[in-house]
Amino acid sequence: MIRALLAVNAGSATLKFRAYALDEAGTPLLMRGMIDRFGQAGALLQLADAQGKPLEDRKLAEDGREAAIAAMINTLADHGLAAGKVVHRVVHGGGRFTACTPLNEAACAELAEFIPLAPLHQPVSLHVIEAFRAVDPGLPQLACFDTAFHADQPEVATRFGIARHWHQEGVRRYGFHGLSYASISRKLPALGLADARVVVCHLGSGASACAIQQGRSVASSMGFSAVDGLMMGTRPGYLDPEVVLYWMEHEGMGVADVRRELYKNSGLLGVSGGISSDMRDLLASPLPAAREAVELFCYRTTREIASLAAAMKGLDAVVFTAGVGEHSAEVRGRVLSQLGWLGFELDHVANLSHYRQLTTAASQRHAYVLATDEEGEMARQALAG
C-alpha cells in the first residue's frame, strides 16, 4: 500500500481530488478523481490514473458528505493507495493565514470567522474538513489559501477609499485564485519571465487577473470578495455599490436576494438573458444577447490587463490560464486583438492550435497560454511546510 497525499478542492456540488505519492521525491501524481453531486443523492465517483485512464465511474450507494469521503478513501485503498495526509483548498485566509497551515479546532474556528468574507465558499471548505475528521479523526489535515499569494501586495494595492478603521477591521482588498497564480508563477522562469512584468488572466467560470512582477503579486482584480473584478459565469465583477442600494431601497430586495443576484444571476448568464453561463454555449449561439455577453467579457478582461499594467508601470507579457483561458482561442484572440496598441501581434495559427506562445516572433510583447495546476501547488506547499 502506497501512502498518499490527497489534494482536495471542494465546490458546492463537486469535490475534485488528486493523490500524490507522499513518501517519494518530487511527489509524483498517482491518481485523480472527482465526486459529482457531492453530498447529494445519486453522487457519482470517478477515478482515473495519472495519465487519465478511467479506473472507476460509479454511483455511490449512500448520501451525505461523510459517506462520499469514506467511499473516496476506500476506493483509493482498493487501488493500493492509503490516505496519509490531506490538504484542502480554502478560499479565504484573511490576513492571518499566509502559508499552508495544519488544521486543528482552533485553526478551523479562526477560519469560520471569515465566512462573512466568503459566504458561499468558506462554509463548504469547513464542512468538508469536518467530514474528513468524522471519517478518520487521526488523518492529518492542512489548508492552503487562495488569498495567500497576494498577502505581500503593496499596502496601496490593498486599500479601499473608505475610513481607516474599516481597513484595520479587515475591510480591504485580498485577491483570490492565489493557488492558480502561484502555480503559473513557478512556470514563468522557463519562459524567460522570471523578472518580467506579467499579467496572468485566470479565465473560467470564476475569473480574475493578477499583476505578477518578479514572481510576486503586485495587484489583483478581485478584492474584498470573489465577486469583484472581471465579469464571470454568474458574477458581475466590478459593480457600482449604488446598484446594490438601489435594489434594496427601490426594489425591496433583502440581503439574500442581493447575494443571489450577485452570485447566481449575473455575469455571462445574466447579460446573455439566461442563455448560459458557459462560454462555449455562448460562442456557439447566434443570438445577439449571447454575442453581447462574450463581447463584454473580453472588453472587461482587456481593460483589466491595462489597469494592472499601470500598477506595474509597464507590461512585458500576458498569460492565459484556467478553463476559458486555456481552451478558448476565440476569447484569447479577441483580447489580444484589442491589445494590439500595446505591441501584441497575434499569431492566429498558434492561437487556434493552442500553442504555448500566441504571438508572432516579431511581436513587441508576447502572450502565452499555460495550464494551471492548483492541486499540484497545494501538494508542493503541503510538503514544503
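The values are calculated or read from the model by the stated rules, or taken from the named source; none is laboratory data. Fair warning: this is a prediction, and the values are worked out from it, not measured in the lab. Using ideal geometry, Cβ is built from the backbone for each residue, glycine included, and neighbour counts are taken over all protein chains shown.
Exactly one residue among GLY64, GLY84, GLY138 is small (Gly, Ala, Ser) and closer than 30 Å to ARG259 by Cα, and that residue is GLY64. For beta carbons closer than 6 Å, sequence separation of 6+ or different chains, a first residue in segment 237-262 that is within 21 Å of ARG173 (Cβ to Cβ) and a second that is at pLDDT below 95, the qualifying pairs are LEU262/VAL227.
Among the residues of this structure, LEU179 does not count as one that is touching a strand residue (DSSP E or B) at 6+ places or on another chain (Cβ under 7 Å), surrounded by 17 or more Cβ atoms within 10 Å (Cβ to Cβ) and not in a helix (DSSP H, G or I). Annotation note: of ARG133, ARG96, ARG58, the sole residue that is without any contact (Cβ under 8 Å) to a residue 60 or more places away in the chain and in a loop (DSSP other than H, G, I, E, B) is ARG96. Hey, could you check segment 306-336 for residues that are part of a helix (DSSP H, G or I) and among the basic types (Lys, Arg) and say which is farthest from GLU295 (Cα to Cα)? That would be ARG332. Any chance you could count how many residues in segment 299-318 are closer than 24 Å to SER277 by Cβ and surrounded by 22 or more Cβ atoms within 10 Å (Cβ to Cβ)? Residues in segment 299-318 being closer than 24 Å to SER277 by Cβ and surrounded by 22 or more Cβ atoms within 10 Å (Cβ to Cβ): 3 in total.
Looking across segment 8-35, the residues that are free of Cβ contacts under 8 Å to residues at least 60 places away in the same chain, outside any loop (DSSP other than H, G, I, E, B), of a type in the set (A, V, I, L, M, F, W, C) and closer than 30 Å to TYR263 by Cβ come down to MET34, ILE35.
Yes/no matrix, rows are residues, columns are (1) surrounded by fewer than 12 Cβ atoms within 10 Å (Cβ to Cβ); (2) closer than 13 Å to GLU375 by Cα; (3) of a type outside the set (Ser, Thr, Tyr):
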| position | (1), (2), (3) |
| --- | --- |
| LEU6 | no, yes, yes |
| SER12 | yes, no, no |
| THR27 | no, yes, no |
| GLY42 | yes, no, yes |
| ALA48 | no, no, yes |
| LEU55 | no, no, yes |
| LYS59 | yes, no, yes |
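Residues in segment 75-93 that are closer than 14 Å to LEU126 by Cα and either of a type in the set (S, T, N, Q) or assigned to a strand (DSSP E or B) (or both): VAL86, VAL87, HIS88, ARG89, VAL90.
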